[in-house]
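Attaching a single structure in structure tokens format; questions to follow.
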Amino acid sequence: MTERPDLTQALGRVLGPAGAEVGCDECFDVLDRYVELELAGADADAAIPGLRAHLAGCPACREEHESLRALVGGSGA
Amino acid sequence: MTPATLPLVTELQSATDLVPAEPIGPALDEESREWLRCLRAEGPVKDEAVARLHALLLRAARFEVSRRGPTLPHLRGNDLDDVANQAADDALVSVLRRLDDFRGASRFTTWVYKFALLEAAVKLRKRSWQGREVPLEPETWSLFSSAGLEPEEELEQSELVTTLQRAVAEVLTPHQRTVLVALALNGVPIDVLAERLGTTRGALYKTLHDARRKLRRHLDDCGLSFESLVKEER
């Protein structure tokens, strides 16, 4: 099958995640807990359902999740 | 996943809908408790704690600026310092205003970092779009080109893309179309669009979510599915 990452990404941006998701405000409210669970190796997605899907669908919240995870988990903290 | 089993929700879930009813922050860790004690004190103890908090927020804001800065070459060192300082100042106000919201679900430092990262990220997005026109008409349907595909794939993809394009034009409300086109097709950052339209990130994402659900439902009604197309690729 022909590779077509551009198409997949473009469609993904338009159609968003398939599953149930939280909104941006709810994402911000629980992001700190989610990141600590991730860094502790716990099942963050089971503890906070709907957040992973939101991060897939919202580039801004995804960037902030990546940054918080890097800051807390890396040398920045 | 087949269209028939594709889960479709009509509303964004609130955290209380999705997050299990688990007690949050059963016991504050020692450091978090000390932060709260000092920030709720009066006089020099509070002043010193606020100064330490600002330093912490500034470090987080600088961390974000150093991560995103290289992708924004038109912002100079002074601009980036300015963003970091403003972000730390604004985050300090937010943290102090929302201190009672901290329930110990994470360490206090992790909780406050997110305020500084948010402020810095939003400011960077807005600065990078300062003076630029926000495109509200589709610019990138070309990404959906079927060039180079096998004839069978081309037909399948073409049907989905054509249906999708028509649905964007005909099924969505004008506001949903404006938001979806700007955010999902033209790559306008959500905070920039929120500022231009005089609304919030949360409200815009709700509109985007509703538009996406409408489009998925329409594709579903037409017997088409993004997930099945992607699955076939793998």
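No value in this document is a laboratory result; all are computed from the given coordinates. This structure is a prediction, so every number in the text was calculated from the model and none was measured. Cβ sites come from the backbone with ideal geometry, for glycine too, and all protein chains shown count toward neighbours.
Would you mind giving the average projected area, over all directions, of the Cα convex hull of chain A in nm² with one decimal?
Average of the hull's projected areas for chain A equals 6.5 nm².
With a sphere of radius 12 Å drawn around the Cβ of residue A:60, what net charge do the other residues whose Cβ falls strictly inside it have (Lys, Arg +1; Asp, Glu -1)?
Residues near residue A:60 contribute +1 overall.
Using only Cα atoms, find the angle between the long axis of helix A:5-15 and the longest principal axis of chain A, and express it within 0 to 90 degrees, rounded to the nearest 10.
Rounded to the nearest ten degrees, it is 70.
Shifting gears a bit: Non-local amide H neighbours of residue B:136 (under 5 Å, H modeled in plane, Pro and chain starts lacking H): which ones?
Under 5 Å from the amide H of residue B:136: no residue qualifies.
Normalised by the empirical 2.2 N^0.38 Å for globular proteins, what value does the Cα Rg of the stretch B:26-128 take?
So the stretch B:26-128 has a normalised radius of gyration of 1.14.
Select from the stretch B:31-65 those GluC sites (Glu not before Pro) which occupy a DSSP coil region and have at most 15 other Cβ atoms within 10 Å, ordered by residue number.
Passing both the DSSP loop test and the Cβ count: B:42.
With contacts defined as alpha carbon pairs under 8 Å and 6 or more residues apart, what's the relative contact order of chain A in percent?
It comes to 33 percent, rounded to a whole number.
To test your reading of the geometry: what angle, between 0 and 90 degrees and rounded to tens, separates the Cα axis of helix A:24-39 from the longest principal axis of chain A?
Tilt of helix A:24-39: around 70 degrees.
In the stretch B:19-110, which trypsin sites (Lys or Arg not before Pro) fall in coil by DSSP and have 15 or fewer other Cβ atoms within 10 Å?
Hits after loop and neighbour filter: B:40, B:76, B:98, B:103.
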